[in-house]
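What follows is calculated from the coordinates using simple rules that are stated; it is not laboratory data. What you see is a predicted model; the values in this text were computed from it and never measured. Here the Cβ is made from the backbone with ideal geometry for all residues, glycine too, and neighbour counts use every protein chain on show.
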Amino acid sequence: MNSKVEYFSSEKGFEIAYEISGDKNNPKMVLIHGLFFNSDCWRDQLPVFKPEFNILRYDLRGHGKTTKPKKKFALRNYVDDLHALLLHLNWTKELYFVGHSLGGIIAMAYAILYPSPIKKMVVADSFCFVSQEAITDVLGRINSYKLEDFALGISVRGLIPYDEEKAQFVKIIDDNDGDPYEANPGADIDALQHIIPFINNPPLIPEIDGPKTGKLGIEYEFIFNATDPDGDDIKYFIDWGDKNTKWTGYNPSGTEIKVKHSWSKEGTYNITAKAKDIYGTEGPEGTLTVVMPNTKPFSFNFNLPGWFFERFLNAFPLLKFVLGLQ
């Protein structure tokens with residue numbers, strides 16, 4: 001069957017462009033492209049896969065014909081987009097995933113959250129973890145070149161020897177934020193302009209304020225406060241150090257959050273807390289040490305007068321004799 005571009009709206013003002021090709025009775029394959037490219041990059045693989053698979057290829061958020069949102073987005077948005085599209089198509093079992101670069105990260109993240117639909121997966125030229133050092137290095141290289149030169153470097157990398165036809169296929173397109181449904185083969189410079197500012201910064205380390213000592217069984221109030229460099233709403237994960245943990249709800253960045261807790265056993269407890277923004281990025285942990293001493297409560301069943309009288313008589317045996325108590 002000949003494929004045609006279709007659109008699916010998973011949220012207001014946002015549409016995912018996708019194409020399905022091959023026999024619908026064949027096993028289902030999902031092709032996920034890499035950063036700054038689009039689903040046209042699979043054109044050379046389609047003739048090989050089509051005889052044996054029913055193939056879904058789509059443009060990632062901010063790429064190709066899929067809408068370029070004005071607000072920032074993160075990995076979880078890519079995964080949610082894919083999940084919504086697959087549910088829309090009723091592709092819910094026995095899926096073959098093929099992901100390249102960013103597409104590989106999306107495929108792996110999807111498999112962690114939704115393992116049951118996936119039968120097999122191929123991940124090419126991808127990675128499982130991006131350190132802050134790596135982000136700093138990439139951004140440094142981006143800032144060292146004009147945006148057009150950086151995009152061109154991405155587009156024609158690996159073309160050794162240089163091939164004019166392939167270079168045309170991955171040519172740079174600058175649509176000046178035009179029609180999101182236009183054909184954008186190759187690396188779209190607008191994708192660069194939209195995505196580079198969307199690198200999500202983690203929340204800063206939380207400040208924890210509250211009493212540093214107390215009594216067992218009494219609830220004490222602690223204040224948690226962190227800021228997000230991007231102004232995103234954040235929530236807190238709190239570990240009280242006694243095997244009790246808690247997630248708060250989301251609140252605006254910089255808002256003081258008050259939470260109460262009590263301890264049942266004496267000891268020194270390290271309260272740790274970290275903030276997570278609405279895109280799932282977590283920041284470093286803050287710590288506050290609290291000491292709960294062994295304050296054994298006074299027993300009102302203790303007979304103080306009797307104890308004192310007995311001690312007094314033992315100290316004066318003659319008085320004890322006079323009173324006829326011995």
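What the table below lists for this structure:
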item	result
Kirkwood-based shape ratio for the stretch 1-112, expressed as Rg/Rh from alpha carbons	0.93
Exposure proxy ranking, count of Cβ atoms within 10 Å, fewest first, for HIS261, HIS33	HIS261, HIS33
Relative packing of peptides 211-220, 237-246 - highest average C-beta neighbours within 10 Å first	237-246, 211-220
Backbone N under 20 Å from the GLU207 label point (7 Å along Cα→Cβ), restricted to the stretch 268-282	271-277
Cα-centred dipole magnitude for the stretch 207-292, charges only on beta-carbon of K, R (+1) and D, E (-1), debye, nearest 20	480 debye
Average projection area in nm² (convex hull over Cα atoms of the stretch 207-292, one quarter of hull surface)	5.0 nm²
Cβ-based charge dipole, the stretch 203-243, positive-most Cα from GLY217, TYR236, LEU204	GLY217
Given LYS72/LYS235; LYS93/LYS243; LYS65/LYS276; LYS215/LYS246; LYS4/LYS68, the pairs whose alpha carbons are separated by over 28 Å	LYS93/LYS243; LYS65/LYS276
Highest average packing first - 102-114, 6-18, Cβ atoms within 10 Å	102-114, 6-18
Among 40-52, 277-289, 75-87, the order from most to least packed when residues are scored by Cβ within 10 Å on average	75-87, 277-289, 40-52
Nonlocal amide H pairs with GLU15, under 5 Å, H built at 1.01 Å	THR67
Packing-based exposure ordering (other Cβ within 10 Å, fewest first) of ASP59, ASP228	ASP228, ASP59
